[in-house]
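**Student:** Structure incoming, see below.
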Amino acid sequence: MYKILISRTAKKVYLVLLTVLILDTFIVSLQSNAVAGLKATVDVESATQDSTTLSTNSKPTNLQFTGSQPAPLIIAAAPIAVVSLPNQAVLRVLTWAGGEIIFPRRGHPQNIELEYLQQFADENNLKLEKIRVKKFVDLIPMLLAGKGDVIAANLTKTPARAKLVSFTKPYMLTKEYLVMGSQSKSLKTGKDLNGREIVIQKGKSYQSTALGLQKVYPKLKIRIVDSAISHEALYDKLASGEFDMTIQDKNLIKSASAYRDDIKMSLQASATRYLGWGVAPSNKILLNELNQFLKAQNLIAKATSKATSRYKSQWQKIQETKTVRFVLRNNLSSYYIWRGELLGFHYELAKRFAKEHKLRYEIIVAPNNVALLDYLLEDRADIALGFLTPTEQRRKKGIAFSRPYHYASELVVAHKDRAEIESEAELANSNIYIRPSSSYWESATALKQTVDNITLIGVPENQETELIIDKVGEREYEMTIADSHIVDLEMTFRDDIQSLMALGAPKSQSWAIASGHDKLLAKSNAFIKKHYKGLFYNVIYNKYFKNQKRLDTHYKDYVRQNNSGVLSPYDDIVKKYADQYGFDWRLLVAQMHQESRFNPKAKSMAGAKGLFQLMPRTAKELGIIDVHVPEQGIKAGVRYMNWVRERMRKDEVQEDQLLWFTLASYNAGAGHVRDAMRLAKQKGWRDDVWFNNVEKAMLLLSKSKYAAKARYGYVRGQEPVHYIREIKRRFETYDNILKRELVVTH
């Protein structure tokens, strides 16, 4: 519970308040009885800096903290102050589960709020506890019932809400717009609303806007739906034509438009709206502290935007806004999501830079490699990270480069079956596929001058180097050129490619910044000088680029174990939990082999641990302390499989397909699976059948063309596809082994 910051006035009355402790305890018990009927569904989780929270330094403070319970409605009129409870240091933040986005591309509103509040908590040595509320309509009742301290849910300040809760100063201004599916009939004027229908989630402020429109256009219909329907589900129904249109804040629509092209924004529906945080009316000290924080951080939104010309430099602008904007690509080396965790070498560098300079950070995803640098020139980002090689052409474009933070050799990559070579001359008569904007193009052009009959073929700019390599492995492209660290990373997943040779000496790679921003460049250089080849750098570099190759091999005694009917060293434990949760134990053994090769000490590059490779946060939520203990690790893995299965069952996956969708969700995350299901439907494939349907869509999500329009972005689709097929193959093998054993026995 939030600990009230003790002001001078509060200190004077603190001793008096203690005298009514017993009375207050009695009142609190009345409060508990009064709100016992509240049936909001919530999930509580600690916000971690591995997700989208800020990476700011916690600092000691001389402020004192005590506990506070926001005054419940039952005693709102009573002249009794709320007594503080000692030894509490938690800020409970109520958020709406339906408004979340796990993979932010350009600062999703609700993620931004949580980042701000995380910084507020860090500065005051508080632990931020995020409480996910299923229904939007339950947010304010839960706050008033003392089940949270502050609402952060893109909450619009309306007269009706202002009578119930206190609002902070606005952190954002927005306007409401009509939004509909991209194939819906457009609105030219307000008169076109007659005969149309607006769908609104219960409890949303948009309802009053819709009623206002209905007064002007009487034939407009309004339908109120459950407030548990998320924004994403709402957009899906708009895109499919099930819903006609809805009303949304412009900031939400813009955020969704970063990855969806099946909805469109239409006419403006309201004047400027103020978005703020909601606090219980009794918690005036918290309200004041939040307002002071917003003011100190220069976060209070104003009707007139600041002119950028008033900043002397880009670094001054960053300092005054306390925000640095990084532009990255959504790929395996820079920025991606895996099992609910935001990961990537460049993402971790960006977080560390922001942390050391006590800044917030925004991650902006560039749609292609050309835009990565264009965003700098258009002042849509401050720093571009992407293993960029300084070239004269890029400098002439207006790009400045930092000191090197990485060196890489450029390798000629071909299919594994191509004969090895000893010199460049043996590349004669070859076709090399490269993006024209990449530095590889210059290297290939130079190679063409010295080797006969090399054909240089340009590929689309939205093709990542990883995808080009994939096409080489599939024999669609003959060969390409790629940096050594990217090839190393690819070869941890595949064995169908090879490096034929290196072209020249290793080349330097740098951070990119728009020319003229000398102070920002100096700060970047200082950061790189401090960390390059240091502990932090080496740890994250090894994490992403030096993992041991993932080989699918059996143990030496695997055949002997098969002959005895023993499938793993942990069969008895697996059987116990398989029976408890209704799984085939042989399937779980096959999954365990795929995850860890039966090694209870296994640990992945992302931090997943144990026989079933669970993330520490997941294990903690399951009540498991040490997943390295076989019994605990298996118990946690099977329990989590059951939890994932129930989530997929809610997506109406047919029962005979449920297992495969569950495994896909376990491996890649439910978000990526839902993206694949939606894409499969768009492609005309079955969205409720895994093999040869949704798995095909999952493979497409590793291509930037499709990942850019997926809610959860890039995923290495071949991993879950391979994962499921290998488990299925091994499960069938186990099944045949045990059947054969039964025949022999009888």
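**Student:** How much length is gained if the chain between Glu442 and Thr455 is pulled fully straight, taking 0.36 nm per residue apart and subtracting their Cα-Cα distance, in nm to one decimal?
**Tutor:** Between Glu442 and Thr455, full extension yields 3.3 nm more.
**Student:** Report the one residue of Asn692, Ala670, Tyr714 whose Cα lies farthest in the direction of the positive end of the charge dipole of region 666-724 (charges on C-beta: Lys and Arg +1, Asp and Glu -1; origin at the Cα centre).
**Tutor:** After comparing all options, I get Tyr714.
**Student:** Could you derive backbone 3J(HN,Hα) for region 575-581 from the dihedral phi with the Karplus parameters 6.51, -1.76 and 1.60 (θ = phi - 60°), listing whole Hz in sequence and x where the residue is Gly or Pro?
**Tutor:** Running phi through 6.51 cos²θ - 1.76 cosθ + 1.60 with θ = phi - 60° gives 4, 4, 7, 5, 5, 5, 10 Hz.
**Student:** For region 478-488, take each phi angle, set θ = phi - 60°, evaluate the Karplus expression 6.51 cos²θ - 1.76 cosθ + 1.60, and give the result in whole Hz per residue in order, putting x for glycine and proline.
**Tutor:** 6, 7, 8, 10, 8, 5, 4, 5, 5, 5, 4
**Student:** In nm, what is the difference between 0.36 nm times the number of residues separating Ser484 and Gln214 and their Cα-Cα distance?
**Tutor:** Taking Ser484 through Gln214 to full extension adds about 91.0 nm, to one decimal.
**Student:** Here's something else I'd like to know. For labels at Thr272 and Ala303 in the simple 7 Å Cα→Cβ model, what's the distance in nm?
**Tutor:** About 0.5 nm separates the two model spin labels.
**Student:** Now a separate question. On alpha carbon coordinates alone, what is the Rg over Rh value for region 369-469, Rh being the Kirkwood radius?
**Tutor:** On the Cα set of region 369-469, Rg over Rh gives 1.01.
**Student:** Identify the residues of region 237-264 with backbone N under 19 Å of a label point that sits 7 angstrom from the Cα of Gln183 along the Cα-to-Cβ direction, or state none.
**Tutor:** Those under the cut-off are 237-246, 260-264.
**Student:** Could you sort Ser186, Ser255 by their accessible area in this structure, using a 1.4 Å probe and putting the largest first?
**Tutor:** My answer, sorted largest first, is Ser186, Ser255.
**Student:** How many percent of DSSP beta bridges within region 267-423 run antiparallel, rounded to 5?
**Tutor:** 25
**Student:** Then there's this: Region 195-254: which chymotrypsin sites (Phe, Trp or Tyr not before Pro) are DSSP loop and have at most 16 other beta-carbon atoms within 10 angstrom?
**Tutor:** none
**Student:** Here is a further query. Averaged per residue, what accessible surface does region 177-300 expose to a 1.4 Å probe, in Å²?
**Tutor:** Value for region 177-300: 44 Å² per residue.
**Student:** Evaluate the distance, in nm, between pseudo-label points positioned 7 Å from the Cα of Asn429 and of Lys355 along their respective Cα→Cβ axes.
**Tutor:** About 5.5 nm separates the two model spin labels.
**Student:** Using modelled amide H (1.01 Å from N, peptide plane; none on Pro or chain starts), what sits under 5 Å from the amide H of Lys175, excluding residues fewer than 5 places away?
**Tutor:** Sorted by chain and number, the residues that satisfy this are Lys250, Asn251, Arg273.
**Student:** Now for a separate question. For Lys202, give me every one of the lysines with a C-alpha distance below 18 angstrom, ignoring sequence neighbours fewer than eight places off in its own chain.
**Tutor:** Filter leaves Lys39, Lys134, Lys135, Lys157, Lys221, Lys237.
**Student:** Oh, and also: Anything over 32 Å Cα to Cα? Flag those among Lys575/Lys681; Lys396/Lys705; Lys601/Lys728; Lys543/Lys650; Lys351/Lys575, in the order listed.
**Tutor:** Lys575/Lys681; Lys543/Lys650; Lys351/Lys575
**Student:** Moving on to the next point. With a 1.4 Å probe and every protein chain kept in, tell me what percent of the accessible surface of region 171-250 is carbon plus sulfur.
**Tutor:** 50
**Student:** Hey, another quick one. Can you give the alpha-carbon Rg of region 114-261 over 2.2 N^0.38 Å, where N counts its residues?
**Tutor:** With N residues counted in region 114-261, Rg over 2.2 N^0.38 Å equals 1.17.
**Student:** Taking a probe of 1.4 angstrom, what is the accessible area of Glu320 in Å², to the nearest 10?
**Tutor:** Solvent-accessible area, nearest 10 Å²: 60 Å².
**Student:** Moving on to the next point. Could you work out the equivalent-ellipsoid semi-axes for region 224-294, taking the square root of 5 times each eigenvalue of the Cα gyration tensor, largest first, in whole Å?
**Tutor:** 32, 15, 12
**Student:** Here is a follow-up. For region 464-514 and region 335-412, what is the separation of their C-alpha centers, rounded to whole Å?
**Tutor:** Region 464-514 and region 335-412 have Cα centres spaced 18 Å from each other.
**Student:** Given H placed on each backbone N at 1.01 Å, which residues far from Gln201 in sequence or on other chains put an amide H within less than 5 Å of it?
**Tutor:** Val225
**Student:** Could you compute the FRET efficiency for Asp379 and Val566, with r as their C-beta to C-beta distance and R0 at 51 Å, rounded to 0.05?
**Tutor:** Once rounded, the FRET efficiency stands at 0.20.
**Student:** Here's a follow-up. Determine, from the Cβ-Cβ distance of Ser604 and Asp496 and an R0 of 30 Å, the FRET efficiency 1/(1 + (r/R0)^6), rounded to the nearest 0.05.
**Tutor:** Once rounded, the FRET efficiency stands at 0.85.
**Student:** Need one number: convex hull volume per residue for region 160-208, Cα atoms only, in Å³.
**Tutor:** So the per-residue hull volume is 130 Å³.
**Student:** Not counting ligands, DNA or RNA, and with a 1.4 Å probe, what is Tyr116's accessible surface area in Å² rounded to the nearest 10?
**Tutor:** 30
**Student:** Could you sort Asp149, Asp488 by accessible area so the largest value comes first, with the probe set to 1.4 Å?
**Tutor:** Largest accessible area first, the residues go Asp488, Asp149.
**Student:** A follow-up question, please. Mind giving me the FRET efficiency for Lys221 and Lys163? R0 is 25 Å, r the Cβ-Cβ distance, nearest 0.05 is fine.
**Tutor:** Taking R0 as 25 Å, the efficiency between Lys221 and Lys163 is 0.30.
**Student:** Under 20 Å Cα to Cα from Lys215, which aspartates and glutamates show up? Leave out anything in the same chain fewer than 8 places away.
**Tutor:** Cross-link targets: Glu176, Asp192, Glu197, Asp244.
**Student:** Could you run the Karplus curve 6.51 cos²θ - 1.76 cosθ + 1.60 with θ = phi - 60° over region 185-195 and give me ³J(HN,Hα) per residue in whole Hz, x for Gly and Pro?
**Tutor:** Per residue, the Karplus-derived 3J(HN,Hα) values read 5, 6, 9, 8, 9, x, 4, 5, 6, 4, x Hz.
**Student:** Please list the non-local residues whose amide H lies under 5 Å from the amide H of Ile399, H modeled 1.01 Å from N, same-chain partners needing a gap of 5 or more.
**Tutor:** Ser515
The values are calculated or read from the model by the stated rules, or taken from the named source; none is laboratory data. Please read these numbers as outputs of a predicted model, since none were measured by experiment. Every residue, glycine among them, receives a Cβ derived from its backbone with ideal geometry; neighbour counts consider all protein chains shown. Side chains are part of the model used for accessible areas, which takes the heavy atoms of the whole protein and leaves out ligands, DNA and RNA. Shrake-Rupley method; radii C 1.70, N 1.55, O 1.52, S 1.80 Å.
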